[in-house]
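K.L.:
Sharing a structure with you now.
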Amino acid sequence: MFDIHNQIFAAPLAGITDRPFRRLMREFAPNAPLVTEMISCHSLVGRHRGCLRNFDVYTDEGPVGAQIFGADADLMADAAKILQDNGAKWIDINMGCPVPKVATRAGAGAFLMRDHALAGRIIGAVVRAVQIPVSIKTRLGWDADHCDWMDLIRIAADNGASFAALHGRTRAQLYVGAAELPVKPQTPIPIIANGDICTAADVARVRALGYDGAMVGRGLLGRPWILGQLADGIAAPENIGNVVLRHLDLVLDYYGARNGVPLFRKHAAWYSAGLKNSTEFRIRVNQITDENELRAAIAEFWGCVDG
């Protein structure tokens, strides 16, 4: 296991940190720890063929943790075994996803902040099932009246978890308002800070609060090089368009053109945000269904000579 202290992590982001995006981030940050999109234990154990991430192999991805979610301890343990066999360097248990289909209807994600007994059973089952480290990712609490994250951290430690990531919002806040992390008290396992971390100043701020590392989430959108900037001091690429085209090729190779072109539209929007004529570009891109037309539109917008 790598040393997690003072590391800059890439957070698990549903619909974002898929294999193509992780491969792109890895080109800018060879050693940074990355986390997959959250993976349903039911889908993974059932080998549902419609979900490509169920079949990812991580042996060539460097330090990558695989995040799973679910409410069945036995299924979570089985899923963790599969991911270990597929080359994941550690298993992360989602205990913070706030969306209703996960946190209420499925009784998973952030719901585990309300059922600490079940959370403990899941953590213990996963830890016993694998020989790699296990972490959890959680929030401050269910709502402002129940900010009991430290109780969950102790349960995680008691059941063998190696570290945790803490998002500085409650489940009730979703992603609204500023993340507010408390000063880190003495904890039985290391804690990685998450929430509104986008710059070197943000990293310095959470380190000053006592956290053992930082995790970048939505700051990655349209900026796959940010981990390299924060961890290794690399410069942003001079021609972002070449990065966008590289990302598009990775997406098309993984998903195929039929699914890859519409999926990439959101990435094109994030890459272009704040640039001149970006609104017109996004409107144009959202109407494109052909991979060559999309590639040409990107090359034209960024002035890529090799587009």
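The values are calculated or read from the model by the stated rules, or taken from the named source; none is laboratory data. Just so it is clear, the structure is predicted and the values come from calculations on it, not from any experiment. Backbone-built Cβ (ideal geometry, glycine too); neighbour counts: all protein chains shown. Side chains are part of the model used for accessible areas, which takes the heavy atoms of the whole protein and leaves out ligands, DNA and RNA. Shrake-Rupley method; radii C 1.70, N 1.55, O 1.52, S 1.80 Å.
K.L.:
From the list Leu220, Leu230, Leu166, Leu174, pick out the single residue that is modelled with pLDDT under 95 and crowded, with 19+ Cβ neighbours inside 10 Å.
P.N.:
Details: Leu220 fails: modelled with pLDDT under 95; Leu166 fails: modelled with pLDDT under 95; Leu174 fails: crowded, with 19+ Cβ neighbours inside 10 Å.
Only one candidate passes the filter, namely Leu230.
K.L.:
Another one. Give me the pairs, please: first residue somewhere in the stretch 108-122 and over 17 Å from His42 (Cα atoms), second residue anywhere and open to solvent by less than 10 Å² (accessible area, probe 1.4 Å) and among the aromatic types (Phe, Trp, Tyr), beta-carbon distance under 8 Å, and either six or more positions apart or on two chains.
P.N.:
none
K.L.:
Now for a separate question. Only one of these is out of contact with any Asp or Glu (no Cβ under 8 Å at 6 or more places or on another chain), of a type outside the set (Lys, Arg) and under 30 Å from Ile191 (Cβ atoms): Gln287, Gln229. Name it. Please lay out each step first, then the result.
P.N.:
Values: Gln287 fails: under 30 Å from Ile191 (Cβ atoms).
None of the others qualify; the one that does is Gln229.
K.L.:
Read through the list (1) open to solvent by less than 50 Å² (accessible area, probe 1.4 Å); (2) within 15 Å of the chain's Cα centre (by Cα); (3) over 24 Å from Asp196 (Cβ atoms), then give the number of the only condition that Arg23 fails.
P.N.:
In the conditions (1) open to solvent by less than 50 Å² (accessible area, probe 1.4 Å); (2) within 15 Å of the chain's Cα centre (by Cα); (3) over 24 Å from Asp196 (Cβ atoms), Arg23 misses (1) alone.
K.L.:
Now, a different point. Do you know which residues across the stretch 56-67 are open to solvent by less than 70 Å² (accessible area, probe 1.4 Å) and not aliphatic (A, V, I, L, M)?
P.N.:
Asp56, Tyr58, Glu61, Gly62, Pro63, Gly65, Gln67
K.L.:
Can you tell me which condition Ala257 does not meet? The list is (1) in contact (Cβ under 8 Å) with a residue 60 or more places away in the chain; (2) out of contact with any strand residue (DSSP E or B) (no Cβ under 8 Å at 6 or more places or on another chain), and all the others hold.
P.N.:
(1)
K.L.:
Another question, if that's okay. Pull up the stretch 98-113, narrow it to residues that are of a type outside the set (A, V, I, L, M) and crowded, with 17+ Cβ neighbours inside 10 Å, then point me to the one that is nearest to Gln84 (Cα to Cα). Spell out the reasoning first.
P.N.:
Here is the first cut: in the stretch 98-113, the residues of a type outside the set (A, V, I, L, M) are 98, 100-101, 104-105, 107, 109, 111.
Now restrict to residues that are crowded, with 17+ Cβ neighbours inside 10 Å: 98, 109, 111.
Numbers: Pro98: 26, Gly109: 21, Phe111: 25 Å.
Selected residue: Gly109.
K.L.:
Mind telling me which of the residues Ala161, Ala156 ends up being assigned to a loop (DSSP other than H, G, I, E, B), modelled with pLDDT of 95 or more and either on the phi < 0 side of the Ramachandran plot or surrounded by fewer than 24 Cβ atoms within 10 Å (Cβ to Cβ) (or both)?
P.N.:
Values: Ala156 fails: assigned to a loop (DSSP other than H, G, I, E, B).
Only one candidate qualifies: Ala161.
K.L.:
Still on this structure, please answer the following. Sort out which residues of the stretch 182-197 are free of Cβ contacts under 8 Å to residues at least 40 places away in the same chain, in a loop (DSSP other than H, G, I, E, B) and surrounded by 16 or more Cβ atoms within 10 Å (Cβ to Cβ), and write them in order of number.
P.N.:
Lys184, Thr187, Ile189, Gly195, Asp196, Ile197
K.L.:
Separate question: Collect the residues in the stretch 242-261 that are open to solvent by less than 60 Å² (accessible area, probe 1.4 Å) and either within 17 Å of Asn292 (Cβ to Cβ) or of a type in the set (Asp, Glu) (or both), keeping them in residue-number order. Explain how you work it out, then say what you get.
P.N.:
Let us first name the residues in the stretch 242-261 that are open to solvent by less than 60 Å² (accessible area, probe 1.4 Å), namely 243-245, 247-248, 250-252, 254-257, 260-261.
Matches in the stretch 242-261: Val244, Leu245, His247, Leu248, Leu250, Val251, Leu252, Tyr255, Gly256, Ala257, Gly260, Val261.
K.L.:
Still on this structure: Kindly indicate whether Pro98 is touching a Gly at 6+ places or on another chain (Cβ under 9 Å) and either outside any loop (DSSP other than H, G, I, E, B) or within 17 Å of Ala161 (Cβ to Cβ) (or both). Let's see the steps before the verdict.
P.N.:
Numbers: touching a Gly at 6+ places or on another chain (Cβ under 9 Å): yes; either outside any loop (DSSP other than H, G, I, E, B) or within 17 Å of Ala161 (Cβ to Cβ) (or both): no.
It is false that Pro98 is touching a Gly at 6+ places or on another chain (Cβ under 9 Å) and either outside any loop (DSSP other than H, G, I, E, B) or within 17 Å of Ala161 (Cβ to Cβ) (or both).
K.L.:
Filter the stretch 200-249 down to the residues that are in a loop (DSSP other than H, G, I, E, B), within 19 Å of Ala165 (Cβ to Cβ) and within 17 Å of the chain's Cα centre (by Cα) and list them by number.
P.N.:
First, the residues of the stretch 200-249 that are in a loop (DSSP other than H, G, I, E, B): 209-212, 217, 221-225, 233-239.
Now narrow it down to the ones that are within 19 Å of Ala165 (Cβ to Cβ): 209-212, 217, 221.
Gly217, Leu221, listed by residue number.
K.L.:
Follow-up. Kindly indicate whether Ile288 is touching a helix residue (DSSP H, G or I) at 6+ places or on another chain (Cβ under 6 Å) and open to solvent by 40 Å² or more (accessible area, probe 1.4 Å). Talk me through it step by step, then tell me what you get.
P.N.:
Details: touching a helix residue (DSSP H, G or I) at 6+ places or on another chain (Cβ under 6 Å): yes; open to solvent by 40 Å² or more (accessible area, probe 1.4 Å): no.
Here the answer is no, as Ile288 does not meet what is asked.
K.L.:
Also, I was wondering about something else. Out of the stretch 277-296, which residues are within 16 Å of Leu252 (Cβ to Cβ) and either in a loop (DSSP other than H, G, I, E, B) or in contact (Cβ under 8 Å) with a residue 24 or more places away in the chain (or both)? Steps first, please.
P.N.:
Of the stretch 277-296, the ones within 16 Å of Leu252 (Cβ to Cβ) are 285, 288-296.
Ile288, Thr289, Asp290, Glu291, Leu294, Arg295 - these are the residues of the stretch 277-296 that are within 16 Å of Leu252 (Cβ to Cβ) and either in a loop (DSSP other than H, G, I, E, B) or in contact (Cβ under 8 Å) with a residue 24 or more places away in the chain (or both).
K.L.:
Here is a follow-up. Listed residues Gly46, Gly70, Gly87; which is of a type outside the set (Asp, Glu), open to solvent by less than 50 Å² (accessible area, probe 1.4 Å) and without any contact (Cβ under 8 Å) to a residue 24 or more places away in the chain?
P.N.:
Numbers: Gly70 fails: without any contact (Cβ under 8 Å) to a residue 24 or more places away in the chain; Gly87 fails: without any contact (Cβ under 8 Å) to a residue 24 or more places away in the chain.
Selected residue: Gly46, the only one of Gly46, Gly70, Gly87 that is of a type outside the set (Asp, Glu), open to solvent by less than 50 Å² (accessible area, probe 1.4 Å) and without any contact (Cβ under 8 Å) to a residue 24 or more places away in the chain.
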